[in-house]
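Below you'll find the structure I mean.
The values are calculated or read from the model by the stated rules, or taken from the named source; none is laboratory data. The shown structure was predicted, so the numbers you read here are calculated from the model rather than taken from an experiment. Cβ sites come from the backbone with ideal geometry, for glycine too, and all protein chains shown count toward neighbours. We work out accessible area using only protein heavy atoms, side chains counted, and drop any ligands, DNA or RNA first. Shrake-Rupley method; radii C 1.70, N 1.55, O 1.52, S 1.80 Å.
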Amino acid sequence: MLFRSLRGLGGSYTLVLVNGEPAPPGFSLDQLSPSQVERIEITRGPSAEHSAQAVAGTINIILREAPRTRQRELGLRTGYQAVRPVLGGSFSWGDRSGALSYTVPVSVYQWRGQADTRSERLAPAADGQVQQLRTMGGDQYWGGGFNIGPRLSWKLGEADALSWQSFAIRNLFNNRVQADTTVLQGQPPISVADRSLSGGHWQMLRSSLQWSHKAAGGLRLELKAGFQASSSRSHGRTDGDDASGTPSLWREVDGHNTERSVNASGKANRPVGEAHTLALGWDLEQRHRRERRRIVQNGVDLLPSVEGLPFDARITRGALFAQDEWELAPRWSTSIGLRAEQISTTASGLGAPVESRSRVVTPVWHVTHK
């Protein structure tokens, strides 16, 4: 991400959302064209609506909504990164027909980078003696991909609306590393001149359906249901030579991860008087993740009892929240909320299945001065 921290706290305390849903792993704002973004909403503070990951605040990237009139946009861009030029482009098609409106934005991109590295390491070697190594090398990384985010909206009447939105992305990545190691003290490692090349892809599809209703007295109801599927695959090869120039190391690493999830949520907002806005809601999610990783070094499986076995995890999460947003004065406001959440996890693949369940109740109080 181009930005990930708020209020001086680290990125792990900031929740990044895309259309109100958590951004998928590996997502970067660089993968979106500016023409795809309607606006960016920043909440500088915790909220009972989101998990404890949003202690510092929330960054919500709102993708462009369906237009009110016909829309055709085409954009091309180029730049220079590291040692080669990169290309990118975007296209958007939108229109309206009666109560139905739609938009189909598409974006393609490339990226490239290069870095020189130098490090020193002082640690015990395999023989128990102190080993001091100095490593110098270079790292080149490049890739590209595309994404598409279609969105449809239906006006069902004066008070009701239905919208369907999806987001699909595929990202390709490559990495080339060369490193030379100098032994300053102790036993030399298995190789002192390493060359590696790795690459792979990551892809994700997310789709959701949302119904909203505006009732008398300012009451607003929202119901949402959706699913997400993602997968990644990577492969890397490393070759190394010892101090005499003789090949002494070859290592291959393969990885394959898949994840599937379904979710449903509901929320009700209503103003109370002129200073208060009450919000009540719930959130349910079920996720299944499967990981497989294998390392072969010089023809031998490393840790075959662990690295070569599939790892499966099923996670079920449910939450309830309530919050009162209170305008104390023209420049002062506060929010008081409570969130109750339960997470159940079942993991298998490393022996007997392991089950765990945790519950947490989080009170939230935040004061803002403008």
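What does the charge add up to near Val183, with Lys and Arg as +1, Asp and Glu as -1, over the other residues with Cβ less than 15 Å from its Cβ?
Around Val183, the surrounding residues sum to -4.
Sticking with this structure for a sec: Which net charge results when you count Lys and Arg as +1 and Asp and Glu as -1 among the other residues whose beta-carbon is under 11 Å from that of Arg64?
Once positives and negatives cancel, what remains is -1.
Please list, by residue number, everything in region 77-110 whose backbone N is under 18 Å from a paramagnetic label point 7 Å out along Cα→Cβ of Arg70.
So the set is 92-105.
Would you mind telling me which residue in Leu74, Leu122, Leu320 has the biggest mean-square fluctuation in a Gaussian network model of the chain, where springs connect alpha carbons within a distance under 10 angstrom?
Largest GNM mean-square fluctuation: Leu122.
At 7 Å along Cα-to-Cβ for each site, give me the label-to-label distance between Ser344 and Asp95 in nm.
It is 4.8 nm.
At a Förster radius of 22 Å, what calculated FRET efficiency corresponds to the Cβ-Cβ distance of Asp239 and Val130, to the nearest 0.05? Intermediate results must be reported in sequence, preceding the final value.
Details: r = 28 Å, r/R0 = 1.26.
Taking R0 as 22 Å, the efficiency between Asp239 and Val130 is 0.20.
If you don't mind, there's one more thing I want to ask. With contacts defined as alpha carbon pairs under 8 Å and 6 or more residues apart, what's the relative contact order of region 216-297 in percent?
This gives 34 percent for region 216-297.
In square angstrom, rounded to the nearest 10, how much accessible surface does Trp250 have for a 1.4 Å probe?
90 Å²
May I ask for the distance between the Cα centers of region 338-370 and region 111-190, given as a whole number of Å?
28 Å
Here's a follow-up. Once the piece of chain linking His256 and Arg270 is laid out straight, how much longer is it, given 0.36 nm per residue of separation minus the C-alpha distance between them?
Here the answer is 0.4 nm.
Pick the calculated Cα Rg over 2.2 N^0.38 Å for this structure from (i) 1.05; (ii) 1.22; (iii) 0.95?
Entry (ii).
Using per-residue counts of other Cβ atoms within 10 Å, averaged over each peptide, order 157-167, 209-219 from highest down.
For the peptides 157-167, 209-219, the packing ranking is 157-167, 209-219.
Still on this structure, please answer the following. For the chain, what is the relative contact order in percent, using Cα pairs closer than 8 Å and at least 6 residues apart in sequence?
Worked out over the chain, it gives 10 percent.
Among His201, His235, what's the order by accessible area (1.4 angstrom probe), most exposed first? Kindly include the intermediate steps, with their values, before the conclusion.
Working: His201 40, His235 80 Å².
Ranked from most to least accessible, the order is His235, His201.
Lys267 accessible area, nearest 10 Å², 1.4 Å probe?
About 60 Å², ignoring ligands and nucleic acids.
Comparing Thr334, Thr14, Thr345, which has the greatest mean-square fluctuation in the GNM of the chain with Cα pairs linked when under 10 Å apart?
Of Thr334, Thr14, Thr345, the Gaussian network model singles out Thr334 as fluctuating most.
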